[in-house]
């Protein structure tokens, strides 16, 4: 079984998202639990680093919105285009045009997607990255619930 950073993040998100803000275990306790669940320590530490990056970006945000409007077009760098295929980039644009993501949140999602150590991100993985970013961003509850409904409705459709 070859687990990666994304698998660790998914495990944490799926198992602890209901705990809310009062949940504050130390990294060593979580590392022990994740190791017992079968995740390699190296991937666990990379997942913690990814989450710390999310927290650091959120803590450094200003209240000023990024410039741009619905008519603005986001140009992707070559590495971004390699990791985020056309389907992923189209979904990001759709989420932004639908009002689920604003320009700042879009950039945070792209930043966190690029921080994952995978060559190419599948659309399903991008949706989970968006959920994790929105979940960890105060004031994004409505956008989180819209995306959550979309992701879980699709999952239910695949199960039936």
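Here, each number is a calculation from the coordinates, and none is a lab measurement. Bear in mind that the values here come from a model prediction, so they are computed numbers and not experimental data. Note that each Cβ is placed from the backbone with ideal geometry, even for glycine, and that neighbours are counted across all protein chains shown.
With a Förster radius of 30 Å applied to the beta-carbon distance between residue 82 and residue 28, the computed FRET efficiency rounds to 0.25. Once the chain from residue 73 to residue 102 is taken as fully extended at 0.36 nm per residue, the excess over their C-alpha distance is 9.2 nm. Net length available on complete extension from residue 7 to residue 135 is 44.3 nm, with 0.36 nm assigned per residue and the Cα-Cα distance removed. Applying 1/(1 + (r/R0)^6) with r as the Cβ-Cβ distance of residue 114 and residue 36 and R0 = 25 angstrom yields a FRET efficiency of 0.25.
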